[in-house]
Amino acid sequence: MAMAGPAKSIAPYLKTTRLHAWLLIFLLCFVSYLLGTWQKAPASISVAKPCASSSLDFNLRHAGDDGTSSSKDVGTYPPCGVKYSEHTPCEDPKRANRFDKRRLIFRERHCPARNETLKCRIPAPPGYRNPFPWPASRDMAWYANVPHKELTVEKAVQNWIQFEGDRFRFPGGGTMFPNGADAYIDDIGKLIDLRNGSIRTAIDTGCGVASWGAYLLPRDILAMSFAPRDTHEAQVQFALERGVPAQIGVLASKRLPYPSRAFDMAHCSRCLIPWGLFAKSLCWKKFAEKDDIAIWQKPINHLHCKVNTEVAHTPPLCPSKNPDKAWYTRMETCLTPLPKVTDDQEISGGELANWPERLNAVPPRIGKGMLPGITAEMFLKETALWERRVSYYKTVNNQLGLAGRYRNLLDMNAYLGGFAAALIQDPVWVMNVVPVEAKVNTLGAIYERGLIGTYHSWCEAMSTYPRTYDLIHADSLFSLYQDRCELDDILLEMDRVLRPEGSFILRDDVDVLVKVKRIIDAMNYDSQIVDHEDGALVREKLLFAVKSYWTASAPPHNPHTS
């Protein structure tokens, strides 16, 4: 009781002190937020963390059992030599020569054994510069980024590519359209409707530098372009440098890594195939023809085709197997059957809405119950969830919302494509990857939304060149691959395909992200773990990181070789 009087006398002081402290904390948080908002330099991102979590030390809170950091277990990742600046591990030309030349099998994926993978960081070539922002990148690329002039000579009369000073220009030509892809596509558009939204996804076989796909983009048609590595030097690399979707790939003995019924249109320029006999055997019918352009149409179902093939005995319908399986899956000389229908007017697999309504309409694979455990209601909730998540991303990474900052995006564990769908109004494209280890094969539903993607196992390298992507997103990827392959091998592959000054957005359990952060910090990334959009009490956290700018050293100048 004797202390009651003094306690009352200092109470106003304590209240005032607390008030000043809270005002100071608020002011510091507000100033920090403003500084983050005003930061515009492309070399880094400003991470505006909620003030409530600004004092969290994730490394301290999630250290080893003895309270110490396990950073001693993190390896060192030195730069690789400059000879690896265009390294594509699963399409390495030297390894390819060991394989069968028949049917172009040697140009397929042939990955190194795990004990042969590089444990170093792939360098950008000397003089590398950030690509031109889209849409300027469609027509220009820096010579230093892809230092190959072979196509400027080999395809000079076909207008694929021209060399001018320190850059390349892409006039839009191709083997069968030397006057330009735009005019060529206009000619196609006179035969079929390219503007009503019924054609959204396309595939371009033997794409060259992907001018056909580049000039379809203004028509809201998204093309997946592919070509073998080095049939013509660096053609796919040029396509990606332009900001156009492309992969290294070849039609040989394995299925392409896409689901059945993925594309609305397929394009093959100068394929040297006798289409008249070949297309009819697939039950296609000629829809239109003019000059050098012939358009064949696939049937809406196989009711009549089944009768015809049984009579002609060629080609037979494939046995009842999973038509969406396409990861190291051998192609067979048979016709992949369309889903069963009850009458000859029914569209196998379900009718798709026209674009852009297709994006948020329930995909037929989900509506028909073809994806175990995924309902129409879940799809709609997932779409709304990713709208909210991407909105939150843009408040944390202030450059995600800047037009032109990013162009080529990779979603490493795409599920239903919600991340890509939420960015559809931005000038970007997203490669949606469904890992072959995923519980449910959802890639077909992603294509039914009018998006593109591929199958892949992240225990192997991707079929693309270094520096393909500006931003990489991964949701729960590392939890999926725990005990399947080495964490640092996945991160080194991510580093290989990410451009200098490119960004990661990773979401996973906090303990997993702390391990990831230690490794990428050893790779000289600027990284930060922040709270989930639902607050600090959620175990799932977000890791934002930026790759540092660095290149291989230029070779020493020898005046006698100049």
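The values are calculated or read from the model by the stated rules, or taken from the named source; none is laboratory data. Here the structure is a predicted model, which means the values were calculated and not measured. Backbone-built Cβ (ideal geometry, glycine too); neighbour counts: all protein chains shown. Ligands, DNA and RNA are excluded from the accessible area calculation, which covers all protein heavy atoms including side chains. Shrake-Rupley method; radii C 1.70, N 1.55, O 1.52, S 1.80 Å.
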Is it the case that region 370-382 has a residue that's open to solvent by 30 Å² or more (accessible area, probe 1.4 Å), small (Gly, Ala, Ser) and on the phi > 0 side of the Ramachandran plot? yes
Residues that are closer than 30 Å to Ala144 by Cα and either among the hydrophobic types (A, V, I, L, M, F, W, C) or within 25 Å of the chain's Cα centre (by Cα) (or both): find the helices (runs of 4 or more DSSP H) completely inside region 214-316 holding 3 or more of those. 235-241
Return only the number of the condition from (1) more than 20 Å from Pro245 (Cα to Cα); (2) at pLDDT 95 or above that Tyr465 does not satisfy. (1)
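Residues checked against (1) within 21 Å of the chain's Cα centre (by Cα); (2) not in a loop (DSSP other than H, G, I, E, B):
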position: Lys321; (1), (2): no, no
position: Thr342; (1), (2): no, no
position: Glu346; (1), (2): no, no
position: Gly349; (1), (2): no, no
position: Arg358; (1), (2): yes, yes
position: Arg365; (1), (2): no, yes
position: Pro372; (1), (2): no, no
position: Ala384; (1), (2): no, yes
position: Glu387; (1), (2): yes, yes
When the residues of region 169-213 are filtered to those that are among the charged types (D, E, K, R), in contact with a Phe, Trp or Tyr (Cβ under 8 Å, 6 or more places away or on another chain) and not in a strand (DSSP E or B), which remaining residue is most open to solvent (accessible area, probe 1.4 Å)? Asp182
For Ala445, indicate whether it is open to solvent by less than 30 Å² (accessible area, probe 1.4 Å) and either free of Cβ contacts under 8 Å to residues at least 12 places away in the same chain or outside any strand (DSSP E or B) (or both). yes
Would you please name the residue that is farthest from Gly502 (Cα to Cα), looking only at residues in region 394-404 that are buried (at least 20 other Cβ atoms within 10 Å of the Cβ) and touching a Leu at 6+ places or on another chain (Cβ under 8 Å)? Val396
Selection within region 267-277 - modelled with pLDDT of 90 or more and surrounded by fewer than 13 Cβ atoms within 10 Å (Cβ to Cβ): none
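Run down Pro356, Pro319, Pro315, Pro323 and say which single residue is more than 27 Å from Leu191 (Cα to Cα), open to solvent by 30 Å² or more (accessible area, probe 1.4 Å) and in contact (Cβ under 8 Å) with a residue 24 or more places away in the chain. Lay out the reasoning, then the answer.
On the way: Pro356 fails: more than 27 Å from Leu191 (Cα to Cα); Pro319 fails: in contact (Cβ under 8 Å) with a residue 24 or more places away in the chain; Pro315 fails: open to solvent by 30 Å² or more (accessible area, probe 1.4 Å).
Only one candidate passes the filter, namely Pro323.
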Every listed condition ((1) in contact (Cβ under 8 Å) with a residue 60 or more places away in the chain; (2) within 23 Å of Ala262 (Cα to Cα)) holds for Pro435 save (1)
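Select from region 159-182 the residues that are over 23 Å from Phe132 (Cβ atoms) and out of contact with any helix residue (DSSP H, G or I) (no Cβ under 9 Å at 6 or more places or on another chain) and list them in ascending order. Let's see the steps before the verdict.
The initial filter retains those residues of region 159-182 that are over 23 Å from Phe132 (Cβ atoms), namely 175-179.
The one that is over 23 Å from Phe132 (Cβ atoms) and out of contact with any helix residue (DSSP H, G or I) (no Cβ under 9 Å at 6 or more places or on another chain): Asn179.
I'd like to know if region 407-416 contains one or more residues that are under 30 Å from Met494 (Cα atoms), surrounded by 17 or more Cβ atoms within 10 Å (Cβ to Cβ) and out of contact with any strand residue (DSSP E or B) (no Cβ under 8 Å at 6 or more places or on another chain). Lay out the reasoning, then the answer.
To start, the set of residues in region 407-416 that are under 30 Å from Met494 (Cα atoms) comprises 407-416.
Then drop every residue that is not surrounded by 17 or more Cβ atoms within 10 Å (Cβ to Cβ), which leaves 407-416.
In the following step, the residues that additionally are out of contact with any strand residue (DSSP E or B) (no Cβ under 8 Å at 6 or more places or on another chain) were identified as 416.
Yes, region 407-416 contains at least one residue that is under 30 Å from Met494 (Cα atoms), surrounded by 17 or more Cβ atoms within 10 Å (Cβ to Cβ) and out of contact with any strand residue (DSSP E or B) (no Cβ under 8 Å at 6 or more places or on another chain).
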Taking region 114-129 only, how many residues are farther than 17 Å from Trp458 by Cβ and at pLDDT 95 or above? 9
Restricted to region 130-151, and to residues that are buried (at least 18 other Cβ atoms within 10 Å of the Cβ) and of a type in the set (A, V, I, L, M), which residue is modelled with the lowest pLDDT? Leu151
With respect to Ala227, is the statement that it is of a type in the set (A, V, I, L, M) and in contact with a Cys (Cβ under 6 Å, 6 or more places away or on another chain) true? yes
Take the residues in region 74-95 that are outside any loop (DSSP other than H, G, I, E, B) and in contact (Cβ under 8 Å) with a residue 24 or more places away in the chain; name whichever of them is surrounded by the fewest Cβ atoms within 10 Å (Cβ to Cβ). Pro93
Within region 297-312, identify whether any single residue is at pLDDT 95 or above, of a type in the set (A, V, I, L, M, F, W, C) and open to solvent by less than 40 Å² (accessible area, probe 1.4 Å), and answer yes or no. no
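Rundown of residues vs (1) out of contact with any Pro (no Cβ under 8 Å at 6 or more places or on another chain); (2) buried (at least 17 other Cβ atoms within 10 Å of the Cβ); (3) farther than 28 Å from Glu387 by Cβ, yes/no style:
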{"residue": "Asp488", "(1), (2), (3)": "yes, yes, yes"}
{"residue": "Leu491", "(1), (2), (3)": "yes, yes, yes"}
{"residue": "Asp495", "(1), (2), (3)": "yes, yes, yes"}
{"residue": "Val512", "(1), (2), (3)": "yes, yes, no"}
{"residue": "Val530", "(1), (2), (3)": "no, yes, no"}
{"residue": "Ala536", "(1), (2), (3)": "no, no, no"}
{"residue": "Ala552", "(1), (2), (3)": "no, yes, yes"}
{"residue": "Pro555", "(1), (2), (3)": "no, no, yes"}
